[in-house]
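Okay, structure first, notes after.
The values are calculated or read from the model by the stated rules, or taken from the named source; none is laboratory data. Given the structure is predicted, the values throughout are model-derived calculations rather than measurements. With ideal geometry, Cβ positions are generated from the backbone for all residues, glycine too; neighbour counts draw on all protein chains shown.
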């Protein structure tokens, strides 16, 4: 099938630009003749590969560059040599007195095609050094895949792009083109996020700061203001509005304090200019790259992602004390669900937690939330994260319709366990939260500084019987080990002696499911369940009196299956570090509840089909 290219497009795209808005309204259809990966030079500030291409309109060809957000089209082979596409958005850079086309967005017309026409290089209308001309002697032949006279990669950052001019003042640049090498620039961008004013105090003094995230059609960048800039600019910036911003310093981004995908960030200074723009055309609203809740287990811990879900449940407002600052911080947990059939716990902090109000189970879109692995996959808001309640976007409308029609009465498999975020043991055992033993090990639960909690269902394969109990104090709530002395069994903590100790279980067992085996450690409550409510005193008495009877008690405990609530924590003992799995709760399996759960799964799968 023949495809029509836009004749004369290359000449138009290559001509000098001087406030020609009509040029940027073009949507030319062109053919790709070649691709060349440009790798960042060693020591340069650039960290992302880029692709330089040659495009043709069937009559002429010129060189261009793909914006980094289009790299995947080449890497996934969605566009190849001789592919045809319509350029929907673009801008131009001035590189060594030549125009370099930057393709921002395109629509693929045909992936596979044959070469159209016999395109030639564009001839200079006014000499080899005229702006907008590509010297004929350096242009490649249309049938080759190489390019000569290529500017060095650093030149792209050193030379400013020219997009449009405002009333004869500074040129408006795309965010993607900003770099520390530019001095006179202006961006037109929407504020997608604005932080609260934060203060600090250290040996060097005191201060305050705030930050905003600015976005245009080419990307995002973080901007931060300190001290005087806070007083000057904080009230000017409003979330959702569009501004012209200029005279800020461009620095390398401090990735430790930002989740914005940009190599650079802005620092607002005393002379930084911020002017609201009432023409919001060509400035997008917040962009999302949503991840299904069911696929969060595939996301690396501590990564940042966007999610959208229905708020199925809102937790009570609580507080925790930060170990680093020793300050109390408010928190609130939300339970989100989506069509994947999974739920996840997302934590709000500070003012967001205190002021959050959810009515009628709203749909909320979250941008830039952190993925955690505390009791399964969890999500947490950053200071730079944003959320939109019932956003006017197609994903939200589709999710609302599905939930009202079918999702409201559905049961969900949890990606995170409700008790994990509190730092204590779990409350109710949730069947949907069970993890295979091997998954617990693969996720390296317990390897972080904080303990991880998980639920598993496993069968007791072996019990260590050497030290099945220890002599404990009789005082309620003490449970300390007592030592036999001349005056009986003495508790150092209570400063009391007893005629005989009260034994308490300390069990070590190997439990297994279909995926693997793990050693679990438990105390008195776990032992009483395992030994059919027999007290540790009874079992120790049998052990001391009759080995055969004791072995029979142990054998009766073997081969039984339980639901375990466990705590995973890394511990070091005698210079040896290992993960210890402690039993927090142990519950017999309820086959009635299990049958109801499996029946619901079958009904849900039938509905999905």
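Only a single criterion out of (1) loosely packed, with under 11 Cβ neighbours inside 10 Å; (2) closer than 26 Å to residue 481 by Cα is not satisfied by residue 531, namely (1).
Let's see how each residue does on (1) at pLDDT below 90; (2) in a strand (DSSP E or B):
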residue	(1), (2)
471	no, yes
475	yes, no
478	yes, no
493	yes, no
504	no, yes
509	no, yes
514	no, no
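Residue 169 falls short on exactly one of the conditions (1) under 30 Å from residue 287 (Cβ atoms); (2) loosely packed, with under 14 Cβ neighbours inside 10 Å; (3) at pLDDT 85 or above, and that condition is (3).
Restricted to region 176-222, and to residues there that are in a loop (DSSP other than H, G, I, E, B), under 24 Å from residue 48 (Cα atoms) and free of Cβ contacts under 8 Å to residues at least 40 places away in the same chain, the residue that is nearest to the chain's Cα centre (by Cα) is 181.
Filtered by the rule that a residue be touching a residue at least 60 places away in the same chain (Cβ under 8 Å) and surrounded by fewer than 10 Cβ atoms within 10 Å (Cβ to Cβ), region 544-561 gives a lone residue, 559. Condition (residue is modelled with pLDDT of 85 or more and part of a loop (DSSP other than H, G, I, E, B)) applied to region 373-389: is it met by at least one residue? Yes, region 373-389 contains a residue that is modelled with pLDDT of 85 or more and part of a loop (DSSP other than H, G, I, E, B).
Does residue 548 count as at pLDDT 90 or above, farther than 30 Å from residue 447 by Cβ, in contact with a strand residue (DSSP E or B) (Cβ under 8 Å, 6 or more places away or on another chain) and in a helix (DSSP H, G or I)? Taking the combined requirement at face value, the residue does not satisfy it.
Scanning for something farther than 30 Å from residue 596 by Cβ, in a helix (DSSP H, G or I) and more than 23 Å from the chain's Cα centre (by Cα), does region 348-362 turn up at least one residue? So far as region 348-362 goes, yes, one or more of its residues are farther than 30 Å from residue 596 by Cβ, in a helix (DSSP H, G or I) and more than 23 Å from the chain's Cα centre (by Cα). Considering only residues of region 1-34 that are surrounded by fewer than 17 Cβ atoms within 10 Å (Cβ to Cβ) and farther than 21 Å from residue 172 by Cβ, which is modelled with the lowest pLDDT? Within region 1-34, the match that is modelled with the lowest pLDDT is 1. So is residue 225 without any contact (Cβ under 8 Å) to a residue 60 or more places away in the chain and touching a helix residue (DSSP H, G or I) at 6+ places or on another chain (Cβ under 6 Å) or not? Against the criterion (without any contact (Cβ under 8 Å) to a residue 60 or more places away in the chain and touching a helix residue (DSSP H, G or I) at 6+ places or on another chain (Cβ under 6 Å)), residue 225 qualifies. When the residues of region 574-593 are filtered to those that are touching a strand residue (DSSP E or B) at 6+ places or on another chain (Cβ under 9 Å) and at pLDDT below 85, which remaining residue is farthest from residue 532 (Cα to Cα)? Among those residues, the one meeting the criterion is 577. Among all positions in region 435-442, there is no residue which is at pLDDT 85 or above, under 30 Å from residue 603 (Cα atoms) and either under 18 Å from the mean Cα position of the chain (by Cα) or in the same structural domain as residue 338 (by TED's automatic domain parsing) (or both).
Applying the set (1) outside any strand (DSSP E or B); (2) under 24 Å from residue 430 (Cβ atoms) to residue 563 leaves exactly one unmet item: (1).
Just to be sure before I move on: is residue 510 in contact (Cβ under 8 Å) with a residue 60 or more places away in the chain and within 20 Å of residue 459 (Cβ to Cβ) in the structure I sent? Spelling it out, it is not the case that residue 510 is in contact (Cβ under 8 Å) with a residue 60 or more places away in the chain and within 20 Å of residue 459 (Cβ to Cβ). For the structure I just gave you, tell me whether residue 275 is at negative phi and over 25 Å from the mean Cα position of the chain (by Cα). Here the answer is yes, as residue 275 does meet what is asked. Of all residues in region 77-96, count the ones that are assigned to a strand (DSSP E or B) and either surrounded by 16 or more Cβ atoms within 10 Å (Cβ to Cβ) or at pLDDT 90 or above (or both). Counting residues in region 77-96 that are assigned to a strand (DSSP E or B) and either surrounded by 16 or more Cβ atoms within 10 Å (Cβ to Cβ) or at pLDDT 90 or above (or both) gives 11. Scanning region 114-136 finds no residues that are in the same structural domain as residue 38 (by TED's automatic domain parsing), modelled with pLDDT of 85 or more and in a strand (DSSP E or B).
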